[in-house]
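Asks: Would you mind keeping the following structure in view while I ask a few things?
The values are calculated or read from the model by the stated rules, or taken from the named source; none is laboratory data. Computed from a predicted model, the values in this text were never measured in an experiment. Here the Cβ is made from the backbone with ideal geometry for all residues, glycine too, and neighbour counts use every protein chain on show.
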Amino acid sequence: MSTETQTRSPYVLTLAEVRGVERVSPAYVRVTFGGVELDELGTPGEVFDSRIKIVFPPESGVLAPIDRASDDWWGAYLAVPEDERGSMRTYSIRELRVTDEGTEVDVDFVLHLAPGLSGPASRWADAATVGDSVMIVGPRRGCSDHGGIEWEPREAGTVLLAGDETAAPAIARILEDSPSELRGIAFIEVPSAADELPIAAPAGFEVRWLARGEEPHGSRLIPTVLDHLGDTDAGDIAVTDIEGEDTVWETPDYSGLGEEIAPAEAPASDCYYWIAGESGVVTTLRRHLVKDLGVDRAQVAFMGYWRRGVAMRG
């Protein structure tokens, strides 16, 4: 690793062009991005649940002219008038490929197209065509700080992953980047059985899809996860109603609630838990795992990717 790479910002702002668009299921559209600047982005082979931010064009359709090579590209972005910046949203990488022709990044967009629920990202993805441009913020390739990755099972013998359709791409990437000896189970709640997409999981890992149909978010995920963990009275649990606009974000190394982070010690059990999706659902599962079932918070990553009824930003 070069000294220059070590001293520069661990994140880069890149220009990316749409190379392909595929409607892979009723709820998902897969967009493939390419471009020479993507050769600076990401951690090939160790993507896991890495997060990137995508800047979509404003109503004019023209991305703001920002000096992306500057170390202060974030300041340059913020200096652009708000109505000219476009919209920035956070996504997981479904796949990052490095070939002789360069780097390509696949992102699976969940389409929320119902009246009143459709945001700028869903509308953009639904209308995306080859040649469209966006800007992507992500970890700088070759940087020792693997920014945006929360997956850290350490020495856990088994793992449990749980999430909704927004977490499915990260779960898929985690499983496909993990060693073949990984053991455990993943529960993924999606709108319909047609949204169950292929995942090349390790041979000893079980992936269980949960189609909720017209039921609310979490209606299948919460009772299934808790029943798996031995809570047989989980069927009537209501999703926690969260005040404010913040999402929950609690990992072994960070607490959005301001809880004390204990020094890393040997885990109390052999299982690591990774849970992501709608914040109310994630908070409900956190409460039962940590408070009712006694799971050590140092063994769990709880991440609210979005909030029901709240337009997410950034």
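Asks: So if I check each of VAL12, VAL18, VAL36, VAL62, which one is in contact with a Pro (Cβ under 9 Å, 6 or more places away or on another chain) and either modelled with pLDDT under 90 or aliphatic (A, V, I, L, M) (or both)?
Replies: Only one candidate qualifies: VAL12.
Asks: How many residues are buried (at least 22 other Cβ atoms within 10 Å of the Cβ), within 24 Å of GLY277 (Cα to Cα) and among the aliphatic types (A, V, I, L, M) if we restrict to region 21-54?
Replies: Residues meeting the conditions: 4.
Asks: Something else now. Please verify whether ILE188 is in contact with a helix residue (DSSP H, G or I) (Cβ under 6 Å, 6 or more places away or on another chain), modelled with pLDDT of 95 or more, within 23 Å of GLY304 (Cβ to Cβ) and in a loop (DSSP other than H, G, I, E, B), treating the condition exactly as stated.
Replies: Judged against the criteria, ILE188 is not a match.
Asks: Just the residues that are touching a residue at least 24 places away in the same chain (Cβ under 8 Å), surrounded by fewer than 14 Cβ atoms within 10 Å (Cβ to Cβ) and of a type in the set (A, V, I, L, M), please, taken from region 197-233.
Replies: Selection gives ALA200 alone.
Asks: Restricting attention to region 147-185, which residues are modelled with pLDDT under 95 and among the small types (Gly, Ala, Ser)?
Replies: GLY147, GLY148, ALA156, GLY157
Asks: Working only within region 56-101, note down all residues that are of a type in the set (Val, Ile, Thr), part of a strand (DSSP E or B) and closer than 20 Å to GLY34 by Cβ.
Replies: If the condition is that a residue be of a type in the set (Val, Ile, Thr), part of a strand (DSSP E or B) and closer than 20 Å to GLY34 by Cβ, then VAL98, THR99 are the ones that fit.
Asks: While we're on this one: Could you check region 99-117 and list, in sequence order, the residues that are out of contact with any helix residue (DSSP H, G or I) (no Cβ under 8 Å at 6 or more places or on another chain) and either more than 26 Å from ASP164 (Cβ to Cβ) or charged (D, E, K, R) (or both)?
Replies: Of everything in region 99-117, those that are out of contact with any helix residue (DSSP H, G or I) (no Cβ under 8 Å at 6 or more places or on another chain) and either more than 26 Å from ASP164 (Cβ to Cβ) or charged (D, E, K, R) (or both) turn out to be THR99, ASP100, GLU101, ASP106.
Asks: May I pose another question? Restricting attention to region 235-252, does a residue exist that is at pLDDT 95 or above and either touching a strand residue (DSSP E or B) at 6+ places or on another chain (Cβ under 9 Å) or closer than 26 Å to TYR91 by Cβ (or both)?
Replies: For region 235-252, residues at pLDDT 95 or above and either touching a strand residue (DSSP E or B) at 6+ places or on another chain (Cβ under 9 Å) or closer than 26 Å to TYR91 by Cβ (or both): absent.
Asks: Provide a single number: the residues in region 118-146 that are in contact with a helix residue (DSSP H, G or I) (Cβ under 9 Å, 6 or more places away or on another chain) and modelled with pLDDT under 85.
Replies: Qualifying residue count for the region: 3.
Asks: I'd like the full set of residues that are assigned to a helix (DSSP H, G or I) and of a type in the set (A, V, I, L, M, F, W, C), limited to region 27-48.
Replies: VAL36, LEU38
Asks: Only one residue in SER92, SER60, SER133 is loosely packed, with under 14 Cβ neighbours inside 10 Å and among the polar types (S, T, N, Q), so which one is that?
Replies: SER60
Asks: Further, regarding this structure: Might you let me know whether region 223-230 holds any residue that is within 22 Å of SER25 (Cβ to Cβ), among the aliphatic types (A, V, I, L, M) and in a loop (DSSP other than H, G, I, E, B)?
Replies: Scanning region 223-230 turns up no residue that is within 22 Å of SER25 (Cβ to Cβ), among the aliphatic types (A, V, I, L, M) and in a loop (DSSP other than H, G, I, E, B).
Asks: Step by step: first the residues of region 147-170, then only those that are of a type outside the set (A, V, I, L, M), closer than 20 Å to SER50 by Cα and touching an Asp or Glu at 6+ places or on another chain (Cβ under 7 Å), then the one that is surrounded by the fewest Cβ atoms within 10 Å (Cβ to Cβ). Which residue is that?
Replies: By that ranking, first place goes to GLU150.
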